[in-house]
Amino acid sequence: MELTSPDAVTAALASTGYLADDDLATVVFLSASMQRPLLLEGEPGTGKTALAEALAELTGTPLIRLQCYEGIDASQALYDWDFARQILHLRTLEAAAASRAPGEGAFDAGEAEKSLFDERFLLARPVLQALRQAPAVLLVDEVDRADDEFEAFLLEVLSSWSVSIPELGTVVAATPPLVVLTSNRTRELHDALKRRCLYHWIDHPGLAREVAIVRSRLPEVSEQLAEQVATVVQGLRTEHLLKAPGVAETLDWARALQRLGAEELDLDTASRTLGTVVKYREDTDRVKQALDRMLAG
Ligand SMILES: Nc1ncnc2c1ncn2[C@@H]1O[C@H](COP(=O)(O)OP(=O)(O)O)[C@@H](O)[C@H]1O
Ligand SMILES: [Mg+2]
């Protein structure tokens, strides 16, 4: 599907079950047409990762995911050498040389070393895979978990769309991949990386869109139940909880109620299924009070 306008993006995303608002559709369109990485920030569960998945689906290209974590470095993002297989290869060469008759060619350490840094022993990690396989969607997920140095490395790759492997040469992407970076904003990212990207803050959806998301993801849930769940979750988001429920929790809750055969959300079923929505003990009391207010009577 072609991403020729914001409206086309909206329609294409919707065909995968992802419902974007106009601002998000516009920034996705611009990111694709300007070939600029898209940086999505927002609370957990607002559809950041799902957007990259939807983009891969609708463009019919592979989704290549780089999950960031504390301490991740370039070798986990780009490539590594398969040390164990290199050693085996070396042993084989040595054994072959030893079994040859004198004068038939001794072990050549220089040649052996060269043969170690061959494509066969290269472990391509997500960023290298994305450059080689493009067109593709590269998802750099939760980049706020990585450190400064890793951000600088990413910036370099996202600016040049190329990677140099000293032993093999430079890999340049034939087409730049669509890149989506996500951050749950546990720390502020650097200006340089932000400058390279188009930026969008994803908010929790409004009531109408959240109901539509539930209907789109869980067609088996009735309209009435979807509306009740989304309404209560929207209410809970104003309660200053330690962890406000995201769309993921709304979907879980609706799914749980549907499994229990509940036709509507009353105080009793809500209390029994709280574990799908509330993940911090400290939030439980506040949520119970809020439910009393919203569902009593
Ligand atoms: N706009 C949306 N349209 C459809 N599904 C959505 C939307 N936003 C969130 N979801 C769903 O909510 C869940 C959580 O989304 P996810 O992408 O994991 O959140 P994040 O990466 O922001 O933490 C997923 O199941 C996702 O499919
Ligand atoms: Mg995510």
* To do: Please find, within the stretch 235-255, the residue that is least open to solvent (accessible area, probe 1.4 Å) out of those that are out of contact with any helix residue (DSSP H, G or I) (no Cβ under 8 Å at 6 or more places or on another chain) and within 16 Å of ligand 2 (Cβ to nearest atom).
  => Gly246
* Asked: Any chance the stretch 277-295 includes a residue that's out of contact with any Lys or Arg (no Cβ under 8 Å at 6 or more places or on another chain), closer than 24 Å to Gly17 by Cα and not assigned by TED's automatic domain parsing to the domain that holds Phe29?
  -> yes
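Only residues that are closer than 30 Å to Thr186 by Cα and surrounded by fewer than 17 Cβ atoms within 10 Å (Cβ to Cβ): list them for the stretch 145-173, please.
Looking only at the stretch 145-173, we keep the residues that are closer than 30 Å to Thr186 by Cα, and these are 145-163.
Answer for the stretch 145-173, where residues must be closer than 30 Å to Thr186 by Cα and surrounded by fewer than 17 Cβ atoms within 10 Å (Cβ to Cβ): Asp147, Asp148, Glu149, Ala152, Glu156, Ser159, Ser160, Ser162.
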* To do: List every residue pair whose Cβ atoms lie under 9 Å apart, where the two residues are 6 or more positions apart in sequence or sit on different chains, the first residue falls within the stretch 82-107 and is charged (D, E, K, R), and the second residue, located anywhere, is modelled with pLDDT of 90 or more.
  => Asp82/Arg120; Asp82/Phe121; Asp82/Leu122; Asp82/Leu123; Arg85/Arg120; Arg85/Phe121
* Structure fact -> Leu90: passes all of (1) surrounded by 15 or more Cβ atoms within 10 Å (Cβ to Cβ); (2) modelled with pLDDT under 95; (3) away from ligand 2 (no atom under 16 Å from the Cβ); (4) within 27 Å of Phe153 (Cβ to Cβ) but (4)
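Search the stretch 37-52 for residues being closer than 22 Å to Leu131 by Cβ and near ligand 2 (Cβ under 10 Å from one of its atoms), and hand back the single one that is most open to solvent (accessible area, probe 1.4 Å).
The residue in question is Thr49.
Count, please, the residues in the stretch 124-144 that happen to be assigned to a helix (DSSP H, G or I) and farther than 23 Å from Leu168 by Cα. Even if it seems obvious, please write down each step before you answer.
Step one: filter the stretch 124-144 for residues assigned to a helix (DSSP H, G or I), giving 126-133, 143-144.
Going one step further and asking which of them are farther than 23 Å from Leu168 by Cα, we end up with 143-144.
Count: 2.
The values are calculated or read from the model by the stated rules, or taken from the named source; none is laboratory data. Not measured: the values here are computed from a predicted model. Here Cβ is always computed from backbone atoms with ideal geometry, including for glycine, and neighbour counts include all displayed protein chains. To get the accessible areas, we keep the full protein, side chains included, count just its heavy atoms, and leave off ligands, DNA and RNA. Shrake-Rupley method; radii C 1.70, N 1.55, O 1.52, S 1.80 Å.
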